[in-house]
Amino acid sequence: MLLADGLPTATRQNTMKTAVFAFAWLMGVFAAPAATKPNILLILADDLGFSDIGCYGGEVRTPNIDALAAEGLRFTQFYSAARCCPSRAALMTGLYPHQAHVGDMVDEYARKVREMLSTAAYSDRLNPNAPTIAEVLRAAGYRTGMSGKWHLGYRTNEWPAARGFERSFTLIEGAMNYYGFGMQHTGVITNPPMALDNAVFTPPRERFFATDAFTDYALRFLLDNAPSPEPFFYYLAYTAPHWPLQARPGTIAKYRGQYKAIGWDKLREQRHERLKKTGIIDPRWPLAPRPSNVRPWDQVPPERQDQWDQEMAIYAAQIEEMDQGIGRVLEVLRNIGREKNTLVMFMSDNGGAAEDPNRSLPGSAQGTRESYRGYGIGGAHVSSAPFRKTKKFTHEGGIAVPLILRWPARMPEPGRGQLVHTVSHLIDIMPTCLEVAGTKFPAQFGRGATLPPEGMSLAPLFIPGQVISRAKPLFWEHEGHRAVRNGKWKLVASHDEPWELYDMENDRVELKDLRSTQPRVANDMIAIYDDWASRVGVKTWPTPSPTPAAAKGSEKAKPQTK
């Protein structure tokens, strides 16, 4: 049973012995000399849904991520900020996206709405006065590096090299052809905008694949810094499994045929059962209904069933190839003797993506350089199971994501492999990094005073039996989709729709709206949301919502491709 703060009743039994142990542990972290400060490896998947990976109920082969969960902590109530760059802004700064000046997308297609809203909270780059994790840790003596997707500013002085990363190899924008040169999301055949440190990087035409390239650069950073006594912070931000659906034929072949044999209805049911069996979700919670724009599997034409099977096989292959890359990184950590004192964090930036950009060249085969598709709502509603809705929405399917933490040196054997039911958020990662590194957040940065992180440190949870509770509610707003989580209550609404109220202890799948029966609770939460929105700079989203074409569409009218 979960109590009002989202924690199991049993974990409330805190003894004095645990409290003393916790104090000693924390003092040990803060008193540690620089040489014993932990390394931090932050791994971010892109558009990975709540139930895609093996240790969160999925059928995709992810042995390396699963091993992290078995040796660390798996969070059941961890939240993103609903979408790519707002989530990254929250992750890097510990602030809500609007405070980090990324209230919406930083891309060119969102320029008109940014101009319409005309406020710093909706800009095209990260707040220059909000220090990143890399900037704070670098000042504390850490070596800092990154590879993968940045998506927090297009200009050279907004790249990772200018935001605290000593070394970086990055995709500057939000999506790319995994093969490098080829069709891009803009509909142009060209190279993706990439950077190596502070210079433009042009990927080679042959033998380039993004997932491997980002992994390879991480390995180079680790090996280059292996002789150094200084700790490191490395941010590995894969583009996988974000569209386009592209993976190696051999990996795709492992999954081809199995999805058509199951179908999306039974697949969601299977994931739901595994989630209940492992204790990640409460057995009382049913599976959210299939979205209204998705047909029952037995009514789907055979050619569409085969196409969906191929889409899901490629999507699964993308995840497996990312997992293989993670395995290579973890192996190097072991080989250079840094495994035990490295805190590894694995998470995703939002739920499954119902977008389908459809920029493929005519006649192209899915998964190849010439193809540029997503898996649409047909795949996204599976990825976000057992919850409602998908990426960009603030219902659970859009914001609930995996979080795994592993730190062998500070995580006693009895506590490994446990589930953590603490309600947590991307804004908690900055405070966690600060605490384990034994450093403080700067009061001044850039040209003025900083905003302190909005989150809380998760570090005490490394101690078996330790419990932490949120002192403040959590908030969301993205393109008019909005929510508040306060203890067991969640208030949520989609753009231009009325508020709904849910009891998250009994109904985390958000099926029984209690607003009419709990008007006082709803009104109190509306009031605190309004106060928060005013404080961080949320503006009323224009109607109709200026959503890009890639985010629209229905499974009932899915176009056919080869």
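For the range 278-411, what's the relative contact order in percent, using C-alpha pairs closer than 8 Å and at least 6 residues apart?
29
Within straight cross-link reach of Lys512, meaning Cα distance under 12 Å, which aspartates and glutamates are found once same-chain residues fewer than 8 apart are removed?
The reachable aspartates and glutamates, counting only those whose Cα sits under 12 Å from Lys512, are Glu500, Asp503.
Quick one: which of 208-214, 149-155, 236-242 comes out on top by average Cβ neighbours within 10 Å, and what's the full order, highest first?
The most tightly packed comes first, giving 236-242, 149-155, 208-214.
Per 0.36 nm of contour for each residue apart, how much would the distance between Leu223 and Ala120 grow if the chain were fully extended, relative to their Cα-Cα spacing?
Roughly 33.1 nm would be gained on extension.
Limiting things to C-alpha atoms, what are the Rg and the maximum Cα-Cα separation (Dmax) for the range 76-199, in angstroms?
Every Cα atom of the range 76-199 included, Rg and Dmax give 14.7, 43 Å.
Using Cβ counts within 10 Å as a stand-in for footprinting exposure, how do His478, His185 rank, fewest first?
Ranking His478, His185 by Cβ neighbours within 10 Å, fewest first, gives His185, His478.
Taking the alpha-carbon centroid of each part, what is the distance from the range 207-281 to the range 447-479 in angstrom?
Between the Cα centre of the range 207-281 and that of the range 447-479, the gap is 27 Å.
Please compute the contact order of the range 340-477 in relative form: average sequence separation of alpha-carbon pairs under 8 Å and at least six residues apart, divided by the residue count, as a percent.
So the answer I get is 22 percent.
Can you give the extra length, in nm with one decimal, that the chain gains between Ser292 and Ile526 once fully stretched, where that is 0.36 nm per residue apart less the Cα-Cα distance?
81.4 nm
Name the residue from Pro453, Met176, Ser360 whose Cα lies farthest towards the positive end of the charge dipole of the range 9-474, charges +1 on Cβ of Lys and Arg and -1 on Cβ of Asp and Glu.
Towards the positive end, the residue furthest out is Pro453.
Beyond a 23 Å Cα-Cα separation, which of these cross-linked pairs lie in this structure: Lys391/Lys490; Lys149/Lys490; Lys37/Lys440; Lys392/Lys539?
Lys149/Lys490
Thr517 versus Lys472, label points 7 Å from Cα toward the beta carbon: distance in nm?
3.3
Report relative contact order for the chain in percent, whole number only (criteria: Cα-Cα under 8 Å, sequence separation at least 6).
Relative contact order, the chain: 25 percent.
Please report Rg over Rh for the range 153-308, where both radii come from the alpha carbon positions and Rh follows the Kirkwood definition.
1.08
Over 22 Å, how big is the tail of the calculated P(r) for the range 362-472, in percent of all Cα pairs?
56
Could you check what % of the DSSP bridge pairs in the range 105-209 are antiparallel, to the nearest 5?
60
Along the principal axes of its C-alpha atoms, what lengths does the range 9-474 span, in descending order and rounded to whole Å?
Largest first, the range 9-474 extends 63, 51, 48 Å along its Cα principal axes.
Since every read-out is calculated from the coordinates, none of them should be taken as a lab result. Quick caveat: nothing in here was measured; it's all calculated off a predicted structure. Every residue, glycine among them, receives a Cβ derived from its backbone with ideal geometry; neighbour counts consider all protein chains shown.
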